[in-house]
Every structure is written in C-alpha cells, then in structure tokens.
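Peer 1: Below are the structure tokens for one structure; questions will follow.
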Amino acid sequence: MRANAVATSSVPIVPGALDTGDLILFDANDGTWSTTAIEYSGRCGYSHVALIVRTMDGTDRLAIWEATNGPGEGQIDLITEKPVAGVRLVELTNRLRLEPRYAVIRLEIEDPRARTALRNRVWQFALDNAGKDYEGEFWHLVYSWYDGPSTLLRTAFGCCLAYEGDSPIAPVAGLNPSSPDRYFCSELVAETLMAVGVLRARPLPPNPLGLLLEPSSEYTPGDFYHTRTFNKRLTPGYRYGLPTVPKAITSLLLSS
C-alpha cells in the first residue's frame, strides 16, 4: 500500500502555466529499498523532488532544477551543456520521459510583480551552482529524516540544530551535515528557495550564535508534499497549493 497522507487534485495542468518556483515530485517506483524508505518516511508516494524553472537565457524553456545521482539517458544540463549527474538544469519534456509518474505543486505569489524577480534570482542561483556534486553519502540521507534528540529542539523552538562537517554524535543526535559543495534532491530545492527568499531559514531570536535554525539538509521530499505544514515556513506573500496529479500533462508534453 502506497503512503499518501494528503488529498490531491487531479485537475489537468496546462504546461504553459508552469513557472519558476513550482515543485515537481517524482515517483521512481523502482522497487529499491531506498526509494521505498524515502516514500514511507515522508508519508507520501514520492521519492524525488525538483524545482520548475523557466530559463532566462532568451529561450524561455521549461526546465527542471534537480540534484540526482545519475545523468539519465538523453539528459543534457542546459547550463554546462554536458550530460552530467549531480546538480543540473534539464529540459522538462526530456526529463518526463524518464519518470512519467509525478505530481506538481504550484507556487502562488501574492504580488504578481514578484514573479519576474523570482525568475531572475532562481536563474542566477542555478548559474552559480550547476555542476556541483550529488550528496550520495548514505548516512547524510538518513539524517535528513531522522531527528533523534534534536526533535526536542524542533518541538520546543520549531527548529533543528545544523552543523557543518562530520561528527560522531550525529547518528545519535539526529543532526545532518550540510555542505555548500554537494546536495541531495530535497536539500537543493530547500537551499534554492532559501537563497531566493521564498523559504525562511528560520533563525530564532535570541540567537547570538546563529545555530538554531532548520537547514536545507533537514528537508525530505515529503516535507514539500505536505503543503499545509510547509506553507508555515514560507516568507509572507508566498504559498503552495495542494499537490496535483496531472491526468493530461504528460501526454500533452510528450506529444509536442
């Protein structure tokens, strides 16, 4: 039985309506234990999350900004122009040929004028970070959903304790290493949204050391799927709708 704790909409989406900031979650459905663990730990049926991006290089293409551990057949990074694994920007239509089972979550912006600024900020972040490595260290992925005693911090202060580098206390404390040089999928999406001002890093006053916050490395695909909770972490003026399982978008895109 698939884990699916939030109601979804099945209203078809017009591809042209997708825009920078929208989320897309994939169901790899490959039967591996890691995929199954991600889906069930996140209480949803999706094991991979990425960000929709409209290219700002004059081509106005729809693309997917993601971190993945394999280049995939026919997937060319639009920035480096190479078939790379890791952090990359790939054309939406080509990407959907690999994994046609997915859900889309639309970003709603209160001020329409903020949309263009968001496109530019995300595009610049992609230019600065494309080609970085995928974070494939097993325990780093485990720490992203296991909080251990750090759950007490989350309960008491609404945050987690972040740290950089490796530490022997991490498996016990539930603290996840963070690195600016490599990302796993949900970490990249969270880091991007934080960098462009959509997602709050949530430092808590008084916080003189800057330690009490929820870092991008603590996010899993399920955190984005459950939008009622996720929206509480966003900057005012932004909100995500319910996950939409498109009935028509795949055939429409792949036939174009």
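Peer 1: Taking the range 68-118 only, how many residues are of a type in the set (Lys, Arg) and buried (at least 19 other Cβ atoms within 10 Å of the Cβ)? First the steps, then the outcome.
Peer 2: Applying the first criterion (of a type in the set (Lys, Arg)) to the range 68-118 yields 82, 88, 95, 97, 101, 106, 113, 115.
Narrowing further to those that are buried (at least 19 other Cβ atoms within 10 Å of the Cβ): 88, 95, 106.
Residues meeting the conditions: 3.
Peer 1: Give the residue that is nearest to Glu191 (Cα to Cα), with candidates limited to residues of the range 70-99 that are of a type outside the set (Gly, Ala, Ser), assigned to a loop (DSSP other than H, G, I, E, B) and modelled with pLDDT under 85.
Peer 2: So in the range 70-99, the residues of a type outside the set (Gly, Ala, Ser) come out as 71, 73, 75-84, 87-99.
Then keep just the ones that are assigned to a loop (DSSP other than H, G, I, E, B); that gives 71, 73, 75-84, 99.
Within this subset, residues satisfying the condition of being modelled with pLDDT under 85 are 71, 73, 99.
Numbers: Pro71: 21, Glu73: 27, Glu99: 24 Å.
The extreme case among them is Pro71.
Peer 1: Further question: Could you figure out which of (1) surrounded by 14 or more Cβ atoms within 10 Å (Cβ to Cβ); (2) assigned to a helix (DSSP H, G or I); (3) at pLDDT below 90; (4) not hydroxyl-bearing (Ser, Thr, Tyr) isn't true of Gly148?
Peer 2: (2)
Peer 1: May I ask you to list pairs of residues, at least six apart or on different chains, whose Cβ atoms are under 6 Å apart, with the first in the range 215-232 being farther than 18 Å from His48 by Cα and the second being among the hydrophobic types (A, V, I, L, M, F, W, C)?
Peer 2: Partner pairs satisfying both residue conditions: Pro215/Ala162.
Peer 1: Now for a separate question. Can you say whether Gly86 is free of Cβ contacts under 8 Å to residues at least 40 places away in the same chain and among the small types (Gly, Ala, Ser), as far as the supplied structure shows?
Peer 2: Values: free of Cβ contacts under 8 Å to residues at least 40 places away in the same chain: no; among the small types (Gly, Ala, Ser): yes.
Considered against the rule, which asks whether it is free of Cβ contacts under 8 Å to residues at least 40 places away in the same chain and among the small types (Gly, Ala, Ser), Gly86 comes out as no.
Peer 1: Go through Pro215, Pro221, Pro243, Pro203 for me and flag whichever is at pLDDT 50 or above, surrounded by fewer than 17 Cβ atoms within 10 Å (Cβ to Cβ) and touching a strand residue (DSSP E or B) at 6+ places or on another chain (Cβ under 6 Å). Full working, then the answer.
Peer 2: On the way: Pro215 fails: surrounded by fewer than 17 Cβ atoms within 10 Å (Cβ to Cβ); Pro221 fails: surrounded by fewer than 17 Cβ atoms within 10 Å (Cβ to Cβ); Pro243 fails: surrounded by fewer than 17 Cβ atoms within 10 Å (Cβ to Cβ).
Result of the check over Pro215, Pro221, Pro243, Pro203: Pro203.
Peer 1: Val104 passes all but one of (1) within 15 Å of Asp19 (Cβ to Cβ); (2) at pLDDT 95 or above; (3) part of a strand (DSSP E or B); which number fails?
Peer 2: (2)
The values are calculated or read from the model by the stated rules, or taken from the named source; none is laboratory data. Keep in mind that what you see is a predicted model, and the values were worked out from it rather than measured. As a convention, Cβ positions derive from the backbone with ideal geometry for all residues, glycine included, and neighbour counts pool all protein chains shown.
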